[in-house]
Amino acid sequence: MQNTQPSTFFWNQLVIPFDPGESIAAALLRSGVFRLGAAVGGLQGRYFCGIGNCQACLVCVDGGSPVEACLTPAQPGMRLTPALQAGSPPWGTS
Ligand code: FES
């Protein structure tokens, strides 16, 4: 019997469903998540260019280094958080 349940990942505490091959950003948008935390330059993190150029959609996957949500395929069970917190310098101070 085929599993018909959608795959899901987590955005902070939210459970986000996605279709096979869908990017993180596409799944977040479809679920109504538009704000992705802070972005470089004090801007609002969000989906913008969709081609990996603007870096406005950076998110952390399972606490790792930031990735572009618009280019990264969603995977079951991944735990996503904003890449930057408001007022924090990008990627630490060292
Ligand atoms: S939306 Fe521009 S890099 Fe992802």
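Computed over the stretch 7-81, the P(r) curve from all C-alpha pair distances, binned at 10 Å from the origin, holds 23, 59, 18, 1 percent per bin. Evaluating 6.51 cos²θ - 1.76 cosθ + 1.60 at θ = phi - 60° for every residue in the stretch 37-47, the Karplus couplings come out as x, 7, 10, 4, x, x, 8, 7, x, 6, 6 Hz, glycine and proline recorded as x.
Readers should treat all values here as calculations from the given coordinates under stated rules, not as data from a laboratory. What you see is a predicted model; the values in this text were computed from it and never measured.
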